[in-house]
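Read the structure below first, then the notes.
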Amino acid sequence: MPVSLFGAVMGLTALCFAWRLASQLWRFGNAVPEVIGVIAIVAFIVVTLAYLVKWHRYPESVAAEFDHPVSVAFFSTFIISLLLIPGVLLPYAPVLADTIWLVGVLLIFLFAWFVLRKWMGKQQMPESAMPAWVLPVTGTLNVPIVGSFLRFNGAHELSVMFFGIGIIFIIMLMTMIFSRLFFQAQLTAIAEPSLMILAAPLALAFSGYEGLQGVQDLTASAFFYFCLFLLVLFGSKIVFLPRTCPFHVGWWSVSFPLASVTVASLRYSQRAPDVLHRILAGVLLTVTTLVILYLLVQTFSQIFSRQWKSPSVKA
């Protein structure tokens, strides 16, 4: 029961957002996105309860995850889930959505501060700079994804603040991680699915920027096309990986980046309504839905067959 399983909640929530945009773009009913949203909320509750049981029964295992320079980053997936779930709840329970979002904002600030202090307080090995490193700090880019739709005083300013933090840290962390990928030993097969995480920050940057500015200018387009390039780059590297790397919980790390790029593509095609962009958005929505459905089937299959595989945090 690794904490990274909250990545499944992130992927399902982003898929809900993607289908909501698709229903607006192609004018079909809201049944599909709302069902996915309910599944995301149920998944969040179940995974949270399961991890609390693990914390109670195996505290040393939780401590080991939290102490490791790589796996500690995955604790941010729980906090990011708190920032995204309000987007599902907002049309039905706006006060509850506002409250959960504010809790998530406070936690992501504290966790980013804690992780940065932890990394700076002890010399890190170059090989420790894994793709998951972007999660705790550039996770702040998830704040405006829902925050730009909230209307209480301070929501916009908080979204701008965390957008600024995330954008600057994208440059810093991506430089370190690409340096590790270029000049250190290759990632093991079991860690390669995490490469897709690197496509998410630019997709989030696009969605956050557009949500805050309300326009798609040159900056927004640069964010969008660069996230597409990263999706192709890392997607082409891992697309055949299932042949040599059997399914494990780490494969969920591809779900949120895929869904984030899909959301960005759908948002872009709303303001650039040409055939090619709409085809691209439709293809990405189909692929993302099928991938997440496959991950769900594989997850339940391994749980019920008691063959659950948890990846090593080592590179």
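Brief remarks follow.
- Condition check for Ala199: part of a helix (DSSP H, G or I), buried (at least 24 other Cβ atoms within 10 Å of the Cβ) and at pLDDT 85 or above: yes
- Failed criterion for Ala132 (all others in (1) in contact with a Pro (Cβ under 9 Å, 6 or more places away or on another chain); (2) under 15 Å from Ala200 (Cβ atoms) hold): (1)
- Residues considered: Glu157, Glu127. Of these, the only one that is under 29 Å from Ala18 (Cβ atoms) and among the acidic types (Asp, Glu) is Glu157.
- Looking across region 144-163, the residues that are in a helix (DSSP H, G or I) and surrounded by 12 or more Cβ atoms within 10 Å (Cβ to Cβ) come down to Pro144, Ile145, Val146, Gly147, Ala155, His156, Leu158, Ser159, Val160, Met161, Phe162, Phe163.
- Of everything in region 136-154 that is more than 11 Å from Val105 (Cβ to Cβ) and among the hydrophobic types (A, V, I, L, M, F, W, C), the residue that is modelled with the lowest pLDDT is Val137.
- One residue from Ser265, Ser236, Ser269 being under 17 Å from the mean Cα position of the chain (by Cα) and polar (S, T, N, Q): Ser265
- The number of residues in region 150-199 being of a type in the set (S, T, N, Q) and in contact with a Leu (Cβ under 9 Å, 6 or more places away or on another chain) comes to 2.
- Residue list for region 231-286, restricted to those being buried (at least 17 other Cβ atoms within 10 Å of the Cβ) and basic (Lys, Arg): Arg267, Arg278
- The residue that is surrounded by the most Cβ atoms within 10 Å (Cβ to Cβ), counting only those in region 1-30 that are hydrophobic (A, V, I, L, M, F, W, C) and farther than 21 Å from Leu284 by Cβ, is Phe6.
- Matching residues in region 120-134 - criterion: being in a helix (DSSP H, G or I) and closer than 14 Å to Met172 by Cβ: Met120, Trp133, Val134
- Looking at region 19-119, the helices (runs of 4 or more DSSP H) lying wholly inside it that each contain 3 or more residues that are over 19 Å from the mean Cα position of the chain (by Cα) sit at 31-57, 59-67.
- If the condition is being in contact with a His (Cβ under 8 Å, 6 or more places away or on another chain) and within 30 Å of Gly154 (Cα to Cα), then region 179-230 contributes only Leu212.
- Residue list for region 89-119, filter: within 19 Å of Gly166 (Cβ to Cβ), surrounded by 14 or more Cβ atoms within 10 Å (Cβ to Cβ) and not aliphatic (A, V, I, L, M): Trp101, Gly104, Phe109, Phe111, Lys118, Trp119
- Filtering region 1-18 to residues that are over 16 Å from the mean Cα position of the chain (by Cα) and among the small types (Gly, Ala, Ser) leaves nothing.
- Of the residues making up region 56-88, those that are loosely packed, with under 14 Cβ neighbours inside 10 Å and charged (D, E, K, R) are Arg57, Glu60, Asp67.
- Top-ranked residue in region 27-37 [being without any contact (Cβ under 8 Å) to a residue 24 or more places away in the chain and among the β-branched types (Val, Ile, Thr); ranked as nearest to Ala8 (Cα to Cα)]: Val35
- Sole residue being modelled with pLDDT under 90 and in a helix (DSSP H, G or I), chosen from Leu15, Leu5: Leu5
- Any chance Leu204 is in a helix (DSSP H, G or I) and in contact with a Leu (Cβ under 9 Å, 6 or more places away or on another chain): yes
- For Ile41: the one exception among (1) closer than 24 Å to Leu296 by Cβ; (2) surrounded by 19 or more Cβ atoms within 10 Å (Cβ to Cβ): (2)
Table: residues versus (1) surrounded by fewer than 14 Cβ atoms within 10 Å (Cβ to Cβ); (2) under 17 Å from the mean Cα position of the chain (by Cα); (3) in contact (Cβ under 8 Å) with a residue 40 or more places away in the chain; (4) assigned to a helix (DSSP H, G or I).
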{"residue": "Val137", "(1), (2), (3), (4)": "no, yes, no, yes"}
{"residue": "Thr140", "(1), (2), (3), (4)": "no, yes, no, yes"}
{"residue": "Leu173", "(1), (2), (3), (4)": "no, yes, yes, yes"}
{"residue": "Ser179", "(1), (2), (3), (4)": "yes, no, yes, yes"}
{"residue": "Gln186", "(1), (2), (3), (4)": "yes, no, no, no"}
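The values are calculated or read from the model by the stated rules, or taken from the named source; none is laboratory data. Since this is a predicted model, take the numbers as computed values, not measurements. A quick note on method: Cβ atoms are made from the backbone with ideal geometry, for glycine too, and the neighbour counts reach across all protein chains shown.
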